[in-house]
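The values are calculated or read from the model by the stated rules, or taken from the named source; none is laboratory data. Quick caveat, the model's predicted, so the values are computed rather than measured. Here Cβ is always computed from backbone atoms with ideal geometry, including for glycine, and neighbour counts include all displayed protein chains.
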Amino acid sequence: MALRKFFVGGNWKMNGNKDSLGELITTLNTASLHDETEVVCAAPSIYLDFARSNLDPRISVAAQNCYKVAKGAFTGEISPAMIRDCGADWVILGHSERRHVFGESDELIGQKVAHALENDLGVIACIGEKLEEREAGTTEEVVYAQTQVIAENVKDWGKVVLAYEPVWAIGTGKTATPEQAQEVHEKLRAWLRANVSDDVADSVRIIYGGSVTGANCRELASQGDVDGFLVGGASLKPEFVDIINARA
Ligand code: 13P
């Protein structure tokens with residue numbers, strides 16, 4: 001179980017420009033990063049090439065979304081093949097902002113997951129309940145249903161990281177407590193054990209996202225089933241280095 005490599009993703013969302021991202025990249029390139037942590041930065045698609053050309057090779061690059069087919073008349077979309085062509089190895093899919101701001105369905109997210117994996121991208125698959133769902137006591141039901149659709153579209157779990165991001169914790173400064181995060185992660189791992197396999201349950205990284213900061217990352221990282229983070233706001237600041245090194 002301890003063999004799961006700690007994974008920290010920075011989701012830059014729709015932020016930055018070449019100046020500010022260039023500065024951030026210099027900070028990351030020159031920082032001392034724990035060898036045993038896998039680090040991925042998710043850039044806006046127009047900056048994928050810029051990020052890949054400038055980031056140190058020990059840091060991987062991700063796209064924040066992609067479409068479900070390779071090419072065609074889909075104005076404004078990008079394909080996994082294009083993401084790979086820019087030298088990026090990962091894509092975030094099913095982020096709550098894609099689900100709730102842009103109305104992406106579980107079905108569409110599942111199709112995207114299948115197509116991205118077929119094209120050899122690693123997938124950071126996001127799930128998480130809204131505040132009203134947590135308050136109604138349906139957190140498990142919601143995250144299991146989201147995970148089920150993802151699982152139906154995964155053949156090789158070696159290329160998947162599951163990101164639990166409670167919607168009420170994203171960009172709100174309201175972090176899940178280490179106990180709340182651990183509880184859901186443990187249940188998700190049990191779900192994988194019951195519905196996929198022991199191997200997958202033991203090996204898949206389940207990372208937490210939602211107002212992770214330099215100040216709260218260590219306690220969260222100390223939880224047995226928290227295998228890393230997906231970080232929004234704080235990934236644009238030098239404190240991202242402390243988050244990467246949370247388990248050092
Ligand atoms: P914040 O860290 O800004 O809450 O965002 C989390 C997130 O959505 C990462 O994908």
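Checked against (1) within 22 Å of GLU141 (Cα to Cα); (2) within 15 Å of the ligand (Cβ to nearest atom); (3) not in a helix (DSSP H, G or I), ALA181 passes all but a single condition, namely (3).
Residues that are crowded, with 22+ Cβ neighbours inside 10 Å and either out of contact with any Leu (no Cβ under 8 Å at 6 or more places or on another chain) or among the acidic types (Asp, Glu) (or both) within region 222-248 comprise ASP227, GLY228, LEU230, VAL231, GLY232, SER235, ILE243, listed in sequence order. For region 88-122, taking the residues that are touching a Leu at 6+ places or on another chain (Cβ under 8 Å) and closer than 18 Å to PRO44 by Cβ, the one that is surrounded by the most Cβ atoms within 10 Å (Cβ to Cβ) is identified as ALA116. Contact annotation: residue pairs with Cβ atoms under 8 Å, 6 or more positions apart or on different chains, pairing a residue in region 198-215 that is more than 13 Å from the ligand (Cβ to nearest atom) with a partner that is acidic (Asp, Glu), are ARG205/ASP227; ILE206/ASP225; ILE206/ASP227. Given the condition part of a helix (DSSP H, G or I), more than 12 Å from the ligand (Cβ to nearest atom) and at pLDDT 95 or above, answer yes or no: does some residue in region 118-126 qualify? Within region 118-126, one or more residues are part of a helix (DSSP H, G or I), more than 12 Å from the ligand (Cβ to nearest atom) and at pLDDT 95 or above.
Could you please find all residues in region 1-20 being surrounded by 14 or more Cβ atoms within 10 Å (Cβ to Cβ) and away from the ligand (no atom under 16 Å from the Cβ)? Across region 1-20, the qualifying residues are ARG4, PHE6.
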